[in-house]
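Inspection log for the structure reproduced underneath, given as structure tokens.
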Amino acid sequence: MIKENIDRVLENIKEACIESGRDSKEVSLICVSKTKPVSMIEEAYEHGCRLFGENKVQELCDKHDHFKEKGIDDIEWHLIGHLQTNKVKYVVDKVKLIHSVDSFHLASCISKEALKKNVCVNILIEVNMAGEETKFGIRPEECEELLRQISVLPAVKVCGLMTIAPFVENPEENLQHFSNLRKLLIDMDNKNIDNISMGILSMGMTNDYCVAVTQGATLVRVGTGIFGERDYTR
Ligand SMILES: *Cc1c(COP(=O)(O)O)cnc(C)c1O
């Protein structure tokens, strides 16, 4: 079932690209495997998936280590959930990209821990486009100042922006948020801030990734649509 789901999602991404005149090579699928067992990740891996997203540090590290012990080293682990500073040290050398940086304090902590491990960490700035109080992320108008602050840190590299859109019945309702995030990305790119590149737009989840792709997403994060509903009661 996982294989069929992946094929369907990839097909939908392709169609959204055609619809919006994009090259589907510009869009990568992150399989969001949080709460799911490694056996499911293995199935997706065997079907060709290499990008996996987790929202908890402990779970990401456990899964990372599981595959490393099996000699599999071509998986890209993406941390997509809120990151507490006291957990930064565990993930800096295990992740391809941290999607959820929303403060200078967190970015400087990542840089400090990255230096200790002699790595440079790729990050995205999380922006709360709909202004939802329950969500993490900066306000769009705070973006430039945060980028300028982070640009001087030695061991983090800002690669783009990420947003988690509201849960809506009709995904088209999120179109404006995705479109606005892309405008913000272009606007920030035009500032030519040192050490900042604005190539990645991480937006779109199971409910709205097709709309996100038509608005320029380069990374979509799909969990339920691949692995099925999550059970948080276990
Ligand atoms: C869980 C999660 C996803 C995937 O959500 P689905 O609706 O299951 O596709 C995407 N992004 C983030 C940040 C998440 O926490």
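Computed from the coordinates by the stated procedures, all read-outs in this text should not be read as laboratory data. Quantities reported herein were computed from a predicted structural model and do not represent experimental measurements. For neighbour counting, all protein chains shown are included, and Cβ atoms are generated from backbone atoms with ideal geometry for every residue, glycine included.
Below, the figures for the structure above:
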| quantity | calculated |
| --- | --- |
| Distance histogram in 10 Å bins (all Cα pairs of the stretch 117-193, percent per bin) | 17, 47, 27, 9, 1 |
| Of K70/K94; K14/K68; K3/K34; K25/K89; K3/K56, pairs whose Cα-Cα distance is over 27 Å | K14/K68; K25/K89 |
| Extension gain from D62 to N195, taking 0.36 nm per residue of separation minus the Cα-Cα distance | 44.7 nm |
| Computed label-point distance, nm, for sites D74 and N170 using a 7 Å Cα→Cβ extension | 4.4 |
| Selection from L185, A212, V152, by position along the positive dipole direction of the chain (Cβ) | V152 |
| DSSP-loop GluC sites (Glu not before Pro) across the stretch 89-141, with at most 13 other Cβ within 10 angstrom | E132, E133 |
| Virtual spin-label span in nm between K14 and N180, 7 Å along Cα→Cβ | 3.4 |
| Projected label distance in nm at S151 and Q84, using a 7 Å step from Cα toward the beta-carbon | 3.4 |
| Largest-first principal axis extents of the Cα set of the stretch 1-127 (Å) | 42, 36, 23 |
| Kirkwood-based shape ratio for the stretch 190-230, expressed as Rg/Rh from alpha carbons | 1.17 |
| Amide H within-cut-off set for V156, under 5 Å, with H built and near neighbours excluded | V121 |
| q = 0.08, 0.18 Å⁻¹: log10 I(q)/I(0) that the Debye formula gives for the chain, counting C-alpha atoms only | -0.28, -1.46 |
| Interchain or long-range residues, amide H under 5 Å from M162's placed H | I125, E126, V127, S202 |
| For the stretch 171-207 and the stretch 82-154, distance of Cα centres in Å | 16 |
| Three principal axis lengths of the stretch 104-234 [C-alpha, angstrom, descending] | 42, 39, 26 |
